[in-house]
1. Of all residues being of a type in the set (Asp, Glu) and in a loop (DSSP other than H, G, I, E, B) in segment 120-151, which is most open to solvent (accessible area, probe 1.4 Å)? Just the residue, please.
2. Taking the condition touching a helix residue (DSSP H, G or I) at 6+ places or on another chain (Cβ under 6 Å) and within 30 Å of Leu112 (Cα to Cα), does Thr217 pass?
3. Applying the selection to segment 292-331, what residues are in a helix (DSSP H, G or I) and farther than 24 Å from Gly260 by Cα?
4. Among the residues of segment 156-215, which ones are in a loop (DSSP other than H, G, I, E, B) and under 24 Å from Lys131 (Cα atoms)?
5. Can you give me the number of residues within segment 152-178 that are open to solvent by 70 Å² or more (accessible area, probe 1.4 Å) and not acidic (Asp, Glu)?
6. Restricting to segment 190-208, what's the tally of residues that are open to solvent by 30 Å² or more (accessible area, probe 1.4 Å) and under 21 Å from Ala165 (Cβ atoms)?
7. Which number in (1) of a type outside the set (Asp, Glu); (2) more than 41 Å from the chain's Cα centre (by Cα); (3) within 30 Å of Leu182 (Cβ to Cβ) marks the one condition that Met101 misses?
8. Conditions: (1) assigned to a strand (DSSP E or B); (2) of a type in the set (A, V, I, L, M); (3) open to solvent by 30 Å² or more (accessible area, probe 1.4 Å). Ile93 meets all but one. Number of the miss?
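The values are calculated or read from the model by the stated rules, or taken from the named source; none is laboratory data. Every value quoted in this text rests on a predicted model; they were computed, and no experiment measured them. Note that each Cβ is placed from the backbone with ideal geometry, even for glycine, and that neighbours are counted across all protein chains shown. In case anyone asks, the SASA skips ligands and DNA or RNA and just uses the protein heavy atoms, side chains included. Shrake-Rupley method; radii C 1.70, N 1.55, O 1.52, S 1.80 Å.
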Amino acid sequence: MLPQLIAALFLLENHGLAQEVKLNQSSPVTVAKPDTTTTPKSMPSSSSNFNVSQLIRDLLDGYDKRLRPNFGGPPVNVSATVFIEFIGDIDEINMEFTTIMYFRQYWKDERLKYNHKGYKKRLAFNPEMLKFIWVPDTHFPGIKDGLKHDITDTNEVVRLWPDGAVLYSMRLKITSQCPMNLINFPMDKQKCYLNIEAFSYDDQELILQWYHKNPVTVSDKIQIPSYTLTSYDHYSDTEDFSTGTYSLLTIQFDLTRRLGFHMIQIYLPCYLIVVLAWVSFWVDREQTAARIAMGITTVLTMATLIGSARTSLPKVSYVKSLEWFLMMCFLFVFSAILEYAFVSYLVFKQREEERNRVAMRKKHDEDKASEAAEVLVDNDKTPPSPGSRPSSGQEAVWIPGKSQVETVTRPGKCRGSKKPPSEDHYVRILNTVEFFSRLLFPVVFVFLNIAYWLYYGGIL
């Protein structure tokens, strides 16, 4: 009896549940659904209770990305900001520089407004959103190379506000040209420019302008090896082409070159080489090998420094300040060799004169001996009469071995004999040349260096 009662109760319970499900399925108002006709104030603002995907589909429904905002009306205003993260790779040979930046553009597209749909929060999208909406086609005139960073993913973001404001931000690496005037190199100051311009739309359709808040910012952590970023500025302008007038934004970087590298690598070695060339002035002029070796070594070292310095500079038609300095040092080093060549010539003339004096003295002695022999022979044949006077250039000499007086020629009184030049003539010239070389070379070099640094160093 008990099992039958339990079975009857089970059948009655299942029948009641089936009737309830049937009533629920036939009732049209028992499931709460969001009413899209309600006012925005009554809509929930939480994304957890709002179908954002449906909102995006509604915004893009009928959206034509080929048409700019305000098409057929006033030009669209695009505001830009730039955050400079890195400046470097400033190349004088190719006249270029590299920057890494965050480039952001702001504009308003009324077609993307959704504040009337009840959702009040900002929307952020990955780069896939760029396939469906209009974006400005700004470009960077004058760049040589550029890329978008894609580690770990493409560094781009699109943000959308309820009033239709759009932000498009991306991280870029740009290598741009930087024409340089290197007349004062390496004490020069350069101005490098980064330009941003609209490509397809002229100023009748798109106006490119700087954002009102922090338009250009440079990271305070930037360290440029060879330069100091003294200042930077930004301004806007227009540029005329045959196709129209286009908006142009410009960032100007004022760079001052640091002198430390060139001072250590070029200026100080040149000074030491020039001083080494002057050391030869104190080396004995008879030490030909030592002075020639020092002169040749300094000249070759200067030629090597000049060659290495020119390899790091562009081939320009004007002479740079560094080249003037190198030529000045080379001339002083080369002049030291010319000075010793002149001294060597004087030494040669001195030795030649000494040889001539020795030869003349020897010939003079031989002439005296032969004349004395001739006088002795004549005296043997014709003795001098008492009271006779010796002829000019002769004198009477008592000869003890012969116990008689003989007439002989007086030294230096022969007819036709020449007085040999003074032995100190070339020595005085050599001493004078060496003295003025030791004095004038350093004085003139110091004077020219003072003029060089005053003029090119910017003091004047």
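1. To start, the set of residues in segment 120-151 that are of a type in the set (Asp, Glu) comprises 128, 137, 145, 150.
Going one step further and asking which of them are in a loop (DSSP other than H, G, I, E, B), we end up with 137, 150.
Details: Asp137: 45, Asp150: 98 Å².
Checked segment 120-151; the qualifying residue most open to solvent (accessible area, probe 1.4 Å) is Asp150.
2. Working: touching a helix residue (DSSP H, G or I) at 6+ places or on another chain (Cβ under 6 Å): no; within 30 Å of Leu112 (Cα to Cα): yes.
When the stated conditions are applied, Thr217 does not pass them.
3. Ile292, Ala293, Met294, Gly295, Ile296, Thr297, Val299, Leu300, Leu331
4. Just the residues of segment 156-215 that are in a loop (DSSP other than H, G, I, E, B), to begin with: 161-164, 178-188, 199-205, 211-215.
If the condition is that a residue be in a loop (DSSP other than H, G, I, E, B) and under 24 Å from Lys131 (Cα atoms), then Trp161, Pro162, Asp163, Gly164, Phe199, Ser200, Tyr201, Asp202, Glu205 are the ones that fit.
5. First, the residues of segment 152-178 that are open to solvent by 70 Å² or more (accessible area, probe 1.4 Å): 152-153, 159, 161, 173, 177.
Cutting the leftovers down to not acidic (Asp, Glu) gives us 152, 159, 161, 173, 177.
Adding up the residues that qualify gives 5.
6. First, the residues of segment 190-208 that are open to solvent by 30 Å² or more (accessible area, probe 1.4 Å): 191, 193, 195, 199-205, 207.
Now restrict to residues that are under 21 Å from Ala165 (Cβ atoms): 201, 205, 207.
Number satisfying all stated conditions: 3.
7. (2)
8. Looking at each condition in turn, Ile93 falls short on (1).
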